[in-house]
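S.K.: Just dropping this structure here.
Laboratory data are not the source of any read-out in this text; all were calculated from the coordinates shown. Every value quoted in this text rests on a predicted model; they were computed, and no experiment measured them. Methodologically, a virtual Cβ is constructed for each residue, glycine included, from the backbone with ideal geometry; neighbour enumeration extends over all protein chains shown.
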Amino acid sequence: MTPSPTPPRHLRSIATVSLSGTLVEKLEAAAAAGFDGVELFENDLLTFGGSPADVRRVAASLGLAITLYQPFRDFEAMPEPVRRRNLDRAERKFDLMQELGTDLVLVCSNVHPDALDDDARASADLAEMAERAAQRGLRVGYEALAWGRYVNRWAHAWKIVREAAHPALGLILDSFHTLAVGDDLAGIAQLPGERIFFVQLADAPQLEIDLLSWSRHFRNFPGQGQLQVERFLAAVVATGYRGPLSLEIFNDAFRAAPPTQIARDGMRSLIWAASEAGCGERLADAPSFDGFEFLEFAVDDESAQRLTRFLHPFGFHRAGRHRSKAVDLYRNGRINLVLNHEQDSAAAEHFELHGPSVCAVALRVDDAAGAIERATALLAPEWCDPIGAGERRIPAIRAPDGMLIYLVEPDASGRSIFEDDFCLVGDELGDELLDIDHVTQALPHANTETFVLFYRAVLGLQSEQLGEVADPHGLIVDRTMMSANRRLGIHLNVSQSRTTATGRFISATAGAGIQHVAFATDDVVAVTEHIRERGGTILPIPANYYADLAARWDVDAALLATLQGGDLLYDRDEAGELIHAYSDTFDDRYFFELVERRGYRHSGSVNAAVRLASQAARLGAKTA
């Protein structure tokens, strides 16, 4: 039996309004990212110095089709004489479309205050427009705006299109306009696919604001927000639709970012969304995680000595030297910290750009090859370090900020990468600390969505908590990315203020980076006592915090005394208790947290404002 042929993939498109720059720069960025075509937004044409034919030539030279011209506003169901003028206006747009080489125009549902609430009139108007378009070999697509005056649901738009009954008139579906108003998805799957002329995709965070502002400023790519874009797309695919899938994103930050970066993010999101909806290349499964295998710090000789002294009170001891590089291993429990001061290496380049900072993380995964296959398909190609004789090759990819992410799976021999690559000294691993509980990555504000998409699509992490934390010098937004088995947690911190702890870190390191590493322990009281005995510092907590704690949680007097005596913080959730403490900061860059979970599942962010205030006070005292 001959197997069924694989259906051709949907043409991939992006709206020019999604990108910054001149029209030519937008087209070049879309082509470089691998898009097949672009939706040409009218404003981009109006501000272009050449003719529509010039746009067509530039696009064709880059291998891009112009998939759609848009928008055509306030057309249907208007009283005379506006109706006649609208048809004349349509003819002029058809002239432009023929010069541009595109056959489809988007007509969005009318928002004009003079529009008539008359479906029959709307159908007749659109049918006449479609007939005029058909005479030129063109088509018309009708879309329901979520804030349309009378037509604001896809089913209503479809009723008007169906009653117009013209082959050159079809429906345009947009995930934002559908999902933002909680419209029906199941009904979409019953539509005839050939009557859907175009599909636009956009995600967005859940916000309690008016629909127009939400749409015009806060859309983002599929996978970056909280709307069910994959379910929407799966319903569209069920119709048999085989036309373009296009990204139409109105986002202030996107239009201020380099177009090549945003276009690449867009392609990554489209590949991911199509796979999730079952209409694209099937991606390898996201890996299952068992936490962090190691963190690697880029240092020079001087900062390596200071960082070693900073680590000592936490019970880390020097456990080995790399066989062929100037790289030292420090360990406690399952926690492995690598200090890399090898010249002419990726770490050295990272140090030159960012100073002493985390340049790489290694994640324990069940299937490194599968993880690399998935990452490569999602435009995150494998990174290969040079290795010496007998050393293990560890597959890696680069995060958007250049940080390396190594993927370490259990070796069939049972040997660890440290046994293969390091000359180990001693066999005492220490037992005060257990493992890395989570890390926090500080990000420039403009890069947030890029990292959310990277972690969600490439690594399969889910976005959980999203909250704001008060720093004495501004607000910090905290977003939690968590693996399905909760063994890997990465917090993303963003602040628009340059003087918050996050802002100062971004300034100090000239970019994104890991600012906060949380170590898990089963006895935080004993660990903090030992840290002090070894000369380390635990961040002091104001007495007022403990007075409030007693009132808020009715904490036992003995426990309260222990907490206050050790500068320990406390929280509860539905699953249990959390006791935690913080270190001082290293060069006002990164700091450590000690975490004892007694069933507790959250991050303890309720105490972040207290920590930030104490850190700010200590910094002020040091610089006074």
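S.K.: Can you give me the three principal axis dimensions of region 435-623 from its C-alpha atoms, in Å, biggest first?
M.R.: 47, 42, 32
S.K.: Quick one: Karplus J couplings for region 398-403, per residue in order, coefficients 6.51, -1.76, 1.60, θ = phi - 60°, nearest Hz, x for Gly and Pro?
M.R.: With the stated coefficients, region 398-403 comes to 9, 6, x, 8, x, 5 Hz.
S.K.: Arranged by the count of other C-beta atoms within 10 angstrom, fewest first, what order do Cys359, Cys108, Cys423, Cys279 take?
M.R.: By the 10 Å Cβ count, ascending, the order reads Cys423, Cys279, Cys108, Cys359.
S.K.: Using only the Cα atoms, work out Rg/Rh for region 12-277, with Rh taken as the Kirkwood radius, to two decimals.
M.R.: Result: Rg/Rh = 0.94.
S.K.: Sticking with this one: Write down the percent of antiparallel bridges among all DSSP beta bridges whose residues are both part of the chain, to the nearest 5.
M.R.: 55 percent
S.K.: Another question, if that's okay. Which translational diffusion coefficient, to the nearest whole µm²/s, is obtained for region 158-264 from the Stokes-Einstein equation, given a Kirkwood hydrodynamic radius over C-alpha pairs, 37 °C and 0.692 mPa s?
M.R.: Estimated diffusion coefficient is 223 µm²/s.
S.K.: Report, by chain and number, residues whose modeled amide H sits under 5 Å from the one on Phe289, excluding near sequence neighbours (fewer than 5 apart, same chain).
M.R.: So Phe289 has HN proximity to Asn485.
S.K.: Return Trp383, Trp158 ranked ascending by Cβ neighbour count within 10 Å, so the fewest neighbours appear first.
M.R.: Fewest to most other Cβ atoms nearby, the residues stand as Trp383, Trp158.
S.K.: From the gyration tensor of the Cα coordinates in region 477-519, what semi-axes in whole Å does the equivalent ellipsoid have, largest first, with each one equal to sqrt(5λ)?
M.R.: Whole-Å semi-axes of the equivalent ellipsoid: 23, 11, 8.
S.K.: Next question. Using θ = phi - 60° and the Karplus form 6.51 cos²θ - 1.76 cosθ + 1.60, what ³J(HN,Hα) does each residue of region 315-323 get, whole Hz, x for Gly and Pro?
M.R.: Per residue, the Karplus-derived 3J(HN,Hα) values read x, 7, 10, 6, 10, x, 10, 4, 5 Hz.
S.K.: Could you work out the equivalent-ellipsoid semi-axes for region 40-157, taking the square root of 5 times each eigenvalue of the Cα gyration tensor, largest first, in whole Å?
M.R.: One finds semi-axes of 27, 14, 13 Å for region 40-157.
S.K.: I've got another one for you. What share of Cα pairs, in percent, lie more than 40 angstrom apart in the chain?
M.R.: Tail of the P(r) past 40 Å holds 38 percent of the pairs.
S.K.: Between Leu104 and residues 5 or more places away or on another chain, which pairs have amide H atoms under 5 Å apart, with H built 1.01 Å from N, and which residues are they?
M.R.: Under 5 Å from the amide H of Leu104: Tyr69, Arg139.
S.K.: Place a +1 charge on the Cβ of each Lys and Arg in the chain and a -1 charge on the Cβ of each Asp and Glu, then give the dipole magnitude about the Cα centre in debye, rounded to the nearest 20.
M.R.: I would put it at about 1260 debye.
S.K.: Compute the relative contact order of the chain as a whole-number percentage, counting only Cα pairs closer than 8 Å that sit 6 or more residues apart in sequence.
M.R.: Reported as a whole number, the value is 9 percent.
S.K.: Using θ = phi - 60° and the Karplus curve 6.51 cos²θ - 1.76 cosθ + 1.60, what whole-Hz ³J(HN,Hα) does each residue of region 588-601 get, with Gly and Pro shown as x?
M.R.: 6, 10, 10, 8, 10, 10, 9, 10, 10, 9, 10, x, 4, 10
S.K.: Percent of alpha carbon pairs in region 289-424 separated by more than 21 Å?
M.R.: The share of Cα pairs beyond 21 Å in region 289-424 comes to 40 percent.
S.K.: Place +1 on the Cβ of every Lys and Arg and -1 on the Cβ of every Asp and Glu in region 368-456, take the dipole about the Cα centre, and give the residue among Ile394, Cys384, Asn447 whose Cα lies farthest towards its positive end.
M.R.: Asn447
S.K.: Here's something else I'd like to know. List the residues whose amide H sits under 5 Å from the amide H of Gln465, counting only those 5 or more places along or on another chain, with H placed 1.01 Å from N in the peptide plane.
M.R.: Close amide H contacts, sequence-distant or interchain: Thr480.
S.K.: To continue, here is another question. Lys/Arg Cβ at +1, Asp/Glu Cβ at -1, dipole of region 12-277 taken about the Cα centre: which of Phe35, Tyr241, Trp272 is farthest positive-ward?
M.R.: Phe35
S.K.: Which listed residue (Ser614, Ile579, Tyr600) has the Cα farthest towards the positive end of the charge dipole for region 435-623, taking +1 on Lys and Arg C-beta and -1 on Asp and Glu C-beta about the Cα centre?
M.R.: Among Ser614, Ile579, Tyr600, the one farthest towards the positive end of the dipole of region 435-623 is Ser614.
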